[in-house]
Amino acid sequence: MLKEIILKHLNKELSNQEVELFDLYYETLVSYNEHTNLTRITSRQDADIKHFLDSLLLSKLYPLDQPYRLCDMGAGAGFPSIPLLICYPNLRVVIVESQIKRVNFLLHLKKVLNLDFEVVHERAEVYAQNHLETFDIVTARALGELRLILEFGVPLLKVGGYFIAPKGSKYQEELDQAKEALRKLHMKQISSMEVELPDESGFRMNLLFQKEKHASGYPRPYAVMIKKPL
Ligand SMILES: C[S@@+](CC[C@H](N)C(=O)[O-])C[C@H]1O[C@@H](n2cnc3c(N)ncnc32)[C@H](O)[C@@H]1O
């Protein structure tokens, strides 16, 4: 059960209201998924671990108890930002998602859960060009390799803001490849947290970076980023 999983791995007691919201989130996701493909993870046990717990683990990297502006790039069906918002309703969440079917699901979910967040139908790198230095925290799960998502997301951060990157077993390779991106975007690695998800559900390396200075000229157009990665 989610309550036990969260208590065990996050030492956090979910309130009845939070449990009800997660139940409703799960039901809404699974029933919408019957006509619109959003996720392959549909059993309750898998959703609890691979979606809800995995998202909430990010709260261990940095305290989220302030009204931070948080941007979740490519959130798909709402991960990791919606579980974080359920437990930290003080957050001011903006989701930037490029696929309309996922945007429509998120707007439906917003009504069903009666949560306050913004959904923008746009590519993250385009949104970033028009919203430089506006967020305290930027995150993205399964959106792309680290150096690419850093170029998408770091320009959105205020100086002093944090970039949170949940990564898998290839994290070291991605970190090595991202050296130049981290240098050019003035990002310093602050911490990392390694987690084995329960029930052999996979390995996680959650990475936390802080922005030291704003670098102008980023993000570059997508075609340039792909042709000449930082
Ligand atoms: C693999 S899914 C991951 C979804 C979610 N973050 C998760 O972990 O379950 C990647 C998502 O990013 C979206 N996406 C891909 N490229 C994007 C971009 N440039 N800007 C915004 N969203 C993007 C896709 O539509 C998709 O919903």
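The values are calculated or read from the model by the stated rules, or taken from the named source; none is laboratory data. This is a predicted model, so every value here is computed, not measured. Here Cβ is always computed from backbone atoms with ideal geometry, including for glycine, and neighbour counts include all displayed protein chains. Keep in mind that these areas ignore ligands, DNA and RNA; they rest on the heavy atoms of the full protein, side chains included. Shrake-Rupley method; radii C 1.70, N 1.55, O 1.52, S 1.80 Å.
Phi-derived couplings, Karplus 6.51 cos²θ - 1.76 cosθ + 1.60 at θ = phi - 60°, listed residue by residue for region 74-88: x, 6, x, 8, x, 10, x, 6, 6, x, 5, 5, 4, 8, 10 Hz, with x used for Gly and Pro. Comparing mean-square fluctuations of Val19, Val138, Val103 from a GNM of the chain with C-alpha springs under 10 Å, the top value falls on Val19.
Computing FRET efficiency as 1/(1 + (r/R0)^6) for His108 and Asp46, where r is the C-beta to C-beta distance and R0 is 25 Å, gives about 0.70.
For the chain, with all protein chains in place and a probe radius of 1.4 Å, 48% of the accessible heavy-atom surface sits on carbon or sulfur. If you run the Gaussian network model on the chain, springs between alpha carbon atoms under 10 Å, then out of Gly168, Gly78, Gly153 the most flexible one is Gly168.
Comparing Cα centroids, region 118-136 and region 12-26 end up 29 angstrom apart.
Farthest toward the positive end of the dipole of the chain, out of Leu29, Val19, Phe117, is the Cα of Phe117, where the dipole comes from beta carbon charges about the Cα centre. Based on Cα atoms of region 1-111, Rg over Rh with Rh as the Kirkwood radius reads 0.94.
Can you list the aspartates and glutamates whose alpha carbon is less than 18 Å from that of Lys50, not counting same-chain residues fewer than 8 positions off? Hits, sequence-local ones excluded: Glu4, Glu18, Asp23, Glu27, Asp72, Glu194, Glu196, Asp199, Glu200. Restricting attention to region 61-227, close to 50% of DSSP beta bridges with both partner residues there are antiparallel. Along region 5-11 the Karplus relation, 6.51 cos²θ - 1.76 cosθ + 1.60 evaluated at θ = phi - 60°, assigns HN-Hα couplings of 4, 5, 5, 5, 8, 10, 6 Hz to successive residues, with x for each Gly and Pro.
Here r is the Cβ-Cβ distance between Arg220 and Asp65 and R0 is 35 Å; the resulting FRET efficiency, rounded to 0.05, is 0.50.
Structure remark: mean-square fluctuation, Gaussian network model of the chain, C-alpha springs under 10 Å; the largest value among Ser98, Ser55, Ser15 belongs to Ser15. Distances between placed amide hydrogens fall under 5 Å for Gly74 paired with Val96, Glu97, Ser98, all partners being 5 or more residues away or on another chain.
In this structure region 78-227 gives 45 Å² per residue of accessible area when probed at 1.4 Å with all protein chains present.
Counted residue by residue at 0.36 nm each, then reduced by the alpha carbon distance between them, the extension gain from Lys228 to Arg183 reaches 14.6 nm. Computed across region 118-230, the Kirkwood radius stands at 14.4 Å (inverse of mean 1/r, all Cα pairs). Inter-part distance, region 164-222 to region 31-95, computed on C-alpha centroids, equals 18 Å. Where does the charge balance sit around Pro67 when Lys and Arg score +1, Asp and Glu -1, over other residues with C-beta under 15 Å from its C-beta? Cβ neighbours under 15 Å give a net charge of -1.
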